[in-house]
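Some notes on the structure that comes next.
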Amino acid sequence: MNVVAINAMLQALMGLLGEGARFVVFDGTKPAPGGAVTTRIAAAVLAVPAGAIDAGQLTLVQADAAGDMAEATGVPTWGRLEQAGGTWIEDFTVSGVSGPGQVKIEVIDPPPGDPEGKIYQGGRFFIGSVTLG
């Protein structure tokens, strides 16, 4: 597929990501596409527009540069891109930076001995670089 076609598909995706769209991370087993969620750990509310498209890639941008507060403590294993009302768009595997996930979680200054990618309730959750394409 050429870059023009990919850019067109990503532009259509951007049209779905209106105000309140978010990237949410969960623990547990990733469900079938759009399936029931497991424990929600954190959500990054996306900016409007939700990102920028360049050369066949969409880089998501978080609405609040200060991040969003994590809702639970846990190690994310999957994530979901969803509209404001919770309507499913796409699911992704999630892991720490050395793992096989499509999305990598990096925790800055984790407590010694913690599993890679563990997030703590009340901490700030940022999307540093999530690129689709």
The lone condition V48 fails out of (1) exposed (fewer than 15 other Cβ atoms within 10 Å of the Cβ); (2) modelled with pLDDT of 90 or more; (3) in a loop (DSSP other than H, G, I, E, B) is (3)
Checking D114, D64, D109 in turn, the sole residue that is assigned to a loop (DSSP other than H, G, I, E, B), among the acidic types (D, E) and open to solvent by 80 Å² or more (accessible area, probe 1.4 Å) turns out to be D109
Just one listed residue, out of T73, T77, T59, T38, is more than 14 Å from the chain's Cα centre (by Cα), over 15 Å from G122 (Cα atoms) and hydroxyl-bearing (S, T, Y), and it is T38
Apart from one, (1) free of Cβ contacts under 8 Å to residues at least 12 places away in the same chain; (2) in contact with a strand residue (DSSP E or B) (Cβ under 8 Å, 6 or more places away or on another chain); (3) farther than 21 Å from M9 by Cβ all hold for A52; the odd one out is (3)
Those residues of the range 12-30 that are touching a residue at least 24 places away in the same chain (Cβ under 8 Å), under 18 Å from T87 (Cα atoms) and open to solvent by 60 Å² or more (accessible area, probe 1.4 Å) come to a total of 3
When every residue in the range 77-127 that is farther than 17 Å from G67 by Cα and aromatic (F, W, Y) is compared, the one modelled with the lowest pLDDT is F92
Sole miss for A66 among (1) among the aliphatic types (A, V, I, L, M); (2) under 15 Å from the mean Cα position of the chain (by Cα); (3) closer than 19 Å to G123 by Cα is condition (2)
The lone condition L58 fails out of (1) modelled with pLDDT of 90 or more; (2) of a type outside the set (K, R); (3) not in a loop (DSSP other than H, G, I, E, B) is (1)
| Is it the case that T87 is polar (S, T, N, Q) and open to solvent by 60 Å² or more (accessible area, probe 1.4 Å)? | yes
In the range 31-43, anything part of a strand (DSSP E or B) and surrounded by fewer than 23 Cβ atoms within 10 Å (Cβ to Cβ) is listed as R40, A43
Apart from one, (1) touching a Pro at 6+ places or on another chain (Cβ under 9 Å); (2) more than 30 Å from P111 (Cα to Cα) all hold for V61; the odd one out is (2)
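The values are calculated or read from the model by the stated rules, or taken from the named source; none is laboratory data. Every value quoted in this text rests on a predicted model; they were computed, and no experiment measured them. Cβ coordinates were reconstructed from backbone atoms using ideal geometry, including for glycine residues, and neighbour counts include every protein chain displayed. When the accessible area is computed, the model is the full protein with side chains, heavy atoms only, and any ligands, DNA or RNA have been set aside. Shrake-Rupley method; radii C 1.70, N 1.55, O 1.52, S 1.80 Å.
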